[in-house]
């Protein structure tokens, strides 16, 4: 049975954690992602053994999913308890934690701390904020992972994890959006570049190392700083082009003054100096944001359809058949709109599609019952 979490805004009381084991020294894994990251997160959890003695803390950019949908999808991928993070919650091994939307999260003395955001930020730094606190709190027991995503969130935090003696991974070419992994690589904060399945295998190997050995995550594990030859191909090509050909705009200052690069990570600008390439990067970012908005509208439309079903059932119990017919039309319109948006979405994780299909079937069954 999955453990349920209290609303994020409530403080986690002593009574809530009275039965929890006291914090011990075990690896805590922070996983950051953005666009295209949900599918990678699910693959990582499906591939990871549920008894590694490690905690998994997911810090995605939750722009398009409801408060508990992300956690529900991850919970379907593992037998570990999956919960929404609550302020003051003690992190335990072999558990999965998910940051709630509209919050920043840190960790102190093995406890998760949440701070509600009162207004939107121009740059999302959710991953950096958590990774930096993870590095300070767990040191060599910190593990930082960056999966698919746009922009550069997580770059500074991953570097802090590495500097503190922890271990850092980024997703390889399997990432649907490579900006976040590539930014971390270019900043020199990455130990290994792996697929989500490869990360799970590496974590399993690390879990077999002697637990009493200090700094085992690097010194005994033998992870070395990545060589330049392991940089992604697109970064290598950009660097080769920079040294072999004159660029249209030759320096960071000139590029930064162009409106086309607003919102593009500075580390990307430093590597890719062609305005045409920057336009491509910005276009990819905007496509990802539009796709996230479509998926968020799908969720809202299905929530609306479900609420309208409740209203129609109430009208049916009162014998108001005219109102039932009117509401049924609105339900069908909401479902059709959700299906249309799903068809338009360029990136929609399989697990999310399965959840949407299940909800639509449930709503359709309710419609049929109301029509009888």
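The values are calculated or read from the model by the stated rules, or taken from the named source; none is laboratory data. Everything quoted here is computed from the prediction, not taken from an experiment. All Cβ positions, glycine included, derive from the backbone under ideal geometry; neighbour counts span all protein chains shown.
In the stretch 151-199, what residues are part of a helix (DSSP H, G or I) and closer than 22 Å to residue 25 by Cβ? Step through it out loud before you land on a result.
First, the residues of the stretch 151-199 that are part of a helix (DSSP H, G or I): 155-163, 179-186, 196-199.
Within the stretch 151-199, 157, 158, 160, 161, 162, 163, 199 qualify.
Select from the stretch 96-121 the residues that are out of contact with any strand residue (DSSP E or B) (no Cβ under 7 Å at 6 or more places or on another chain), under 19 Å from residue 29 (Cβ atoms) and outside any strand (DSSP E or B) and list them in ascending order. Hit for the stretch 96-121 is 109, nothing else. Only residues that are buried (at least 24 other Cβ atoms within 10 Å of the Cβ) and more than 14 Å from residue 33 (Cα to Cα) were counted across the stretch 142-161, and they come to 3. Scanning the stretch 74-95 for residues that are in contact with a helix residue (DSSP H, G or I) (Cβ under 6 Å, 6 or more places away or on another chain) and touching a residue at least 40 places away in the same chain (Cβ under 8 Å), we see that the one that is surrounded by the fewest Cβ atoms within 10 Å (Cβ to Cβ) is 77.
Results for (1) within 30 Å of residue 41 (Cβ to Cβ); (2) crowded, with 17+ Cβ neighbours inside 10 Å; (3) out of contact with any helix residue (DSSP H, G or I) (no Cβ under 7 Å at 6 or more places or on another chain); (4) assigned by TED's automatic domain parsing to the domain that holds residue 72, shown as yes or no for each residue.
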position	(1), (2), (3), (4)
294	yes, yes, no, no
300	yes, no, yes, no
309	no, yes, no, no
314	no, no, yes, no
323	no, no, no, no
335	yes, yes, no, no
343	yes, no, yes, no
362	yes, no, yes, no
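If you go through the stretch 46-66 one residue at a time, do you hit one that is under 25 Å from residue 151 (Cβ atoms) and surrounded by fewer than 19 Cβ atoms within 10 Å (Cβ to Cβ)? Checking the stretch 46-66: at least one residue is under 25 Å from residue 151 (Cβ atoms) and surrounded by fewer than 19 Cβ atoms within 10 Å (Cβ to Cβ).
Checking the conditions here, which among 364, 307, 280 is at pLDDT below 80 and either in a helix (DSSP H, G or I) or more than 30 Å from residue 150 (Cα to Cα) (or both)? Before you say what the answer is, go through the steps one by one.
Details: 364 fails: at pLDDT below 80; 307 fails: at pLDDT below 80.
Result: 280 is the single residue among 364, 307, 280 that is at pLDDT below 80 and either in a helix (DSSP H, G or I) or more than 30 Å from residue 150 (Cα to Cα) (or both).
What about residue 103, is it in contact (Cβ under 8 Å) with a residue 24 or more places away in the chain and in contact with a helix residue (DSSP H, G or I) (Cβ under 8 Å, 6 or more places away or on another chain)? Considered against the rule, which asks whether it is in contact (Cβ under 8 Å) with a residue 24 or more places away in the chain and in contact with a helix residue (DSSP H, G or I) (Cβ under 8 Å, 6 or more places away or on another chain), residue 103 comes out as no. Any chance the stretch 112-125 includes a residue that's in contact with a helix residue (DSSP H, G or I) (Cβ under 8 Å, 6 or more places away or on another chain), buried (at least 21 other Cβ atoms within 10 Å of the Cβ) and at pLDDT 95 or above? Scanning the stretch 112-125 turns up no residue that is in contact with a helix residue (DSSP H, G or I) (Cβ under 8 Å, 6 or more places away or on another chain), buried (at least 21 other Cβ atoms within 10 Å of the Cβ) and at pLDDT 95 or above.
Is the stretch 45-65 home to any residue that is outside the structural domain of residue 297 (by TED's automatic domain parsing), touching a strand residue (DSSP E or B) at 6+ places or on another chain (Cβ under 6 Å), modelled with pLDDT under 90 and not in a strand (DSSP E or B)? Scanning the stretch 45-65, I find no residue that is outside the structural domain of residue 297 (by TED's automatic domain parsing), touching a strand residue (DSSP E or B) at 6+ places or on another chain (Cβ under 6 Å), modelled with pLDDT under 90 and not in a strand (DSSP E or B), so the answer is no.
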